[in-house]
Amino acid sequence: MVRRRRHSSQTVAVLLALAAEPNRWRFGYDLCRDTGLESGSIYPILMRLADRGLLASKWESDAPAGRPPRHVYRLTAAGRADAAQLADVMPARGARLRSQLGGAS
């Protein structure tokens with residue numbers, strides 16, 4: 001039996017920020033700005049979510065000249081389902097998130 005821990009409030013904030021635009025690839029810096037979390041918090045969260053299969057990550061393909069490529073992230077189908085479950089237990093954001101996630105539950 002796989003034991004699943006509840007998400008921390010910081011992880012919930014990251015999932016909800018990603019769920020706001022589930023098809024868009026996002027930079028960690030953008031997520032820091034959207035959630036108010038520091039980079040020392042956000043990147044471990046992103047790595048854990050990716051390890052759990054809730055996020056897809058890749059290197060950006062069109063980095064501007066003179067700047068190294070960065071990782072970008074977006075929700076997987078499992079991540080969308082997880083975010084939709086969070087929307088169910090957070091009624092204030094639930095209707096908006098369900099419509100953004102295409103009714104996933």
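Laboratory data are not the source of any read-out in this text; all were calculated from the coordinates shown. Computed from a predicted structure; not experimentally measured.
Here are some notes:
- A rounded overall shape is assigned to the range 11-62, the ratio a/c of its alpha-carbon gyration tensor axes (a ≥ b ≥ c) being less than 1.5.
- Amide hydrogen neighbours beyond the local backbone of HIS71, cut-off 5 Å, H modeled: GLU60
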